[in-house]
Structures are given as structure tokens and as C-alpha cells.
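Working notes, beginning with the structure itself.
Only the coordinates and a few stated rules stand behind these numbers; no lab work does. What you see is a predicted model; the values in this text were computed from it and never measured. Positions of Cβ are generated from backbone atoms using ideal geometry, with glycine treated the same way; all protein chains shown enter the neighbour counts.
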Amino acid sequence: MKSLVWLVPALALAVPVAPAAAQDAPGDKINMLDVYGDDVCPQSGADVITVCRRLGESERYRIPESLREDPTKPKNEAWSNRIQAYEMVGASGIASCSPVGVGGATGCLGQLIDAAYKEKREAATIRYGALIAAEREKRLATIDAEAAATQARVEQIEKEYNERIEREQQKAEDAAAQGDAKDTAGAGLATPPSD
């Protein structure tokens, strides 16, 4: 009996736990590809959204454009941006992101956010998010059309079913009426005696 007490927890640890169904299907799988020249972009499937960025044939064996030149070089920055960068030089105190003064560190988050938005604006790569959203819209449009067609088929089947039921009920009523007519027609006749 004591050996069974230790066996149950050991079996519980040995059995793998299956993940929840929501974790198995996180959503649409997104396949982002670069297509060169006249190459064919693969079609999106039922569970895969394929987004293609078309580049010229001359780009096929080159280093990606975003890696060719450093976008943070001073020569690539506008004069107005350089002057704005000098506005905070020597600033201290609240919202300055400086170790000097009271509350100097409070401006660091703002500067990080501004830098992230600036980097996002100046990125040379294509924005896949917009392409993915457009592909989802196309998919939703086809889903709506398919749903409307399915609904029309279901309504047609229901109409045919109801008509068939009405015909069968009418036949049953006609048969019952004919049976009653035969019974009433033979009711006035005498039956012959049985030998």
C-alpha cells in the first residue's frame, strides 16, 4: 500500500502536460519575403499570410539597402536636427536626463521615446505592418463574401425542406380525406350474412 502512495506522484510527474488550446494556435502565421525581378510571390494560404516586398533584379546579390550606409552619420542629419540637439546641452534639473540636479533623471524616458520614434520615421525598410494589415483586410473581405454565399445556400435548403414537409402533410391530409370518404360511402349498405 505504501508503494502505491509514492507511485501516484511519480506517475503525475512522468505524464507530460498538454498545452492549452489557445497556446497551440496563436493566430495567423506571417511569412515576409523579399522577391527580386519577375520572381513569383507565393500565394497566401488558409493559415499563412504571405507578404512580399518586390525589389529590382539588380538588388538580388547586394547587401540590403538598410545595411549599406550608416544612417546615424552626422552628414546624413539635417541642420535643424543638429541645432535641436544642442538645445539641451548643459541643461540640468527636471526633465533634463542629467545626473546633476534634482529630478534630472526624469527626462530620460522622454528622450528614449523621442529617439525611438525618430528611428522609426527614418527607417529605410518597408513597413511590413501596413502590408500585413492590407492582407488581413483582403482575407476578411473574402470571408464576408463566403459567409454571405453560405447563408444563401442554407436559406435555399431550408426553403426546399419546408416545401417538402408541406407537400407531405398535404398528401397525408388528402389520403385521410379519401379514407373518410370511403368509410362514409360504405356505411349505408347492409353486410351479407355469414354462413
(message) For Ile83, Ile94, which order do you get if you count the other beta carbons within 10 Å of each Cβ and list the fewest first?
(response) Ile83, Ile94
(request) With a ≥ b ≥ c taken as the square roots of the eigenvalues of the C-alpha gyration tensor of the range 27-71, please select rounded if a/c is under 1.5 and otherwise prolate if a/b is larger than b/c or oblate if it is not? (result) oblate
(request) Between Glu137 and Ile83, take the C-beta separation as r, use R0 = 41 Å, and let me know the FRET efficiency to the nearest 0.05. (result) 0.45
